[in-house]
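The values are calculated or read from the model by the stated rules, or taken from the named source; none is laboratory data. Model, not experiment: these values are computed from the prediction. Virtual Cβ from ideal backbone geometry, glycine too; neighbours counted across all protein chains shown.
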Amino acid sequence: MPFFDSSGVRIHYHDRGQGDAVVLVHGFASHADHNWGVTGWFDLLAPDYRMIALDCRGHGQSDKPHEIASYSGTIMEDDVLRLMDQLGIGRALLMGYSMGGRIAMGLLARHPQRWRAVVLGGVGDGVAVNESARRKAIINALLADDPSSIQGETPRLFRQFAQLNRNDLKALAACMGADRAPIDPTVLAGNTVPVLIALGTKDALVGNASSLAAALHCSRLIQIEGRDHLNTPGDKRFKEAVREFFRAAPA
């Protein structure tokens, strides 16, 4: 299993297939193999692409710092760029889901020249909102000694999902508590990179993405009927839309 050093943090990643590079960034409390392997993305893309999928810091087999500063600002975006540089990949296709979608959006805003096309999965209009109260409730749920004491469905689901994937709860709490400013979609009003925004119609976690799609130039929004935040990644309609989108991406 390959690892690399990202400014002192050991990052694990998958490097599979051959062809044009696709960088995959998973969601919070998940990991590369769960988000992209179990759901069938590796098998789908392997015949045509070289897939680079990292375990974000604090997740999977990567190092799991417990300090909030280790996740603040653009640090998690920088991990992606350092991995590409390590592998000699100057420009790639990019797909992120949920937390990974937010990371992908930040990368698009800061380094548009590195991307041929970008998929923002499980990302809605909330990227422009400071949800400090909800984040605090999730942190408290992750750190609760007694899971039965957790108040609220969303914090309880985050705790259950985190434990299901055998995560380091203190690392996830630090990640959730890190200082990362909301992303204003208007900074991408002049974007020229093709963007596909995808989310389930029953995704109550991120809401809708109509304002995001309207503000983001060169974007297209698809809504996966009947899917929520957790089961959208494995949906065949999502996969087919992404495969067609990548095939049409400029060289």
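In this structure, Ala173 qualifies as within 18 Å of Ser62 (Cβ to Cβ) and either assigned to a helix (DSSP H, G or I) or touching a residue at least 24 places away in the same chain (Cβ under 8 Å) (or both).
Residues in region 209-239 that are outside any loop (DSSP other than H, G, I, E, B) and of a type outside the set (Gly, Ala, Ser): Leu212, Arg220, Leu221, Ile222, Gln223, Ile224, Lys236, Arg237, Phe238, Lys239.
The conditions of being surrounded by fewer than 18 Cβ atoms within 10 Å (Cβ to Cβ), closer than 24 Å to Asn35 by Cα, touching a residue at least 12 places away in the same chain (Cβ under 8 Å) and over 18 Å from the mean Cα position of the chain (by Cα) are not met by Arg116.
Within region 188-203, the set of residues being at pLDDT below 90 and under 21 Å from Phe28 (Cβ atoms) is empty. Met84 fulfils the conditions (1) out of contact with any Leu (no Cβ under 6 Å at 6 or more places or on another chain); (2) within 26 Å of Asn231 (Cα to Cα) except for a single criterion, (2). The single condition among (1) part of a loop (DSSP other than H, G, I, E, B); (2) farther than 23 Å from His26 by Cβ that Ala133 does not meet is (1). When Arg166 is tested against the conditions (1) surrounded by 14 or more Cβ atoms within 10 Å (Cβ to Cβ); (2) more than 17 Å from the chain's Cα centre (by Cα), the lone failure is (1). For region 79-89, check the following and say yes or no: at least one residue is surrounded by fewer than 23 Cβ atoms within 10 Å (Cβ to Cβ), in contact with a Gly (Cβ under 9 Å, 6 or more places away or on another chain), over 30 Å from Ala189 (Cβ atoms) and touching a residue at least 24 places away in the same chain (Cβ under 8 Å). No, region 79-89 contains no residue that is surrounded by fewer than 23 Cβ atoms within 10 Å (Cβ to Cβ), in contact with a Gly (Cβ under 9 Å, 6 or more places away or on another chain), over 30 Å from Ala189 (Cβ atoms) and touching a residue at least 24 places away in the same chain (Cβ under 8 Å). Against the list (1) part of a helix (DSSP H, G or I); (2) surrounded by 20 or more Cβ atoms within 10 Å (Cβ to Cβ); (3) modelled with pLDDT under 95, the condition Leu142 fails is (3). Among the residues of region 69-77, are any closer than 20 Å to Phe42 by Cα, under 11 Å from the mean Cα position of the chain (by Cα) and surrounded by 22 or more Cβ atoms within 10 Å (Cβ to Cβ)? So far as region 69-77 goes, no, none of its residues is closer than 20 Å to Phe42 by Cα, under 11 Å from the mean Cα position of the chain (by Cα) and surrounded by 22 or more Cβ atoms within 10 Å (Cβ to Cβ). When we screen Val187, Val206, Val242 for residues that are assigned to a helix (DSSP H, G or I), surrounded by 13 or more Cβ atoms within 10 Å (Cβ to Cβ) and in contact with a Leu (Cβ under 8 Å, 6 or more places away or on another chain), the only hit is Val242.
Per this entry, Gly96 is counted among residues that are closer than 27 Å to Ile138 by Cβ, small (Gly, Ala, Ser) and at pLDDT 95 or above. Just name the residue that is nearest to Arg243 (Cα to Cα) out of those in region 90-110 that are surrounded by fewer than 17 Cβ atoms within 10 Å (Cβ to Cβ) and not small (Gly, Ala, Ser). The selected residue is Arg91. Any residue at all in region 165-180 that is touching a strand residue (DSSP E or B) at 6+ places or on another chain (Cβ under 7 Å) and either within 22 Å of Arg116 (Cα to Cα) or among the small types (Gly, Ala, Ser) (or both)? No, the conditions are met nowhere in region 165-180.
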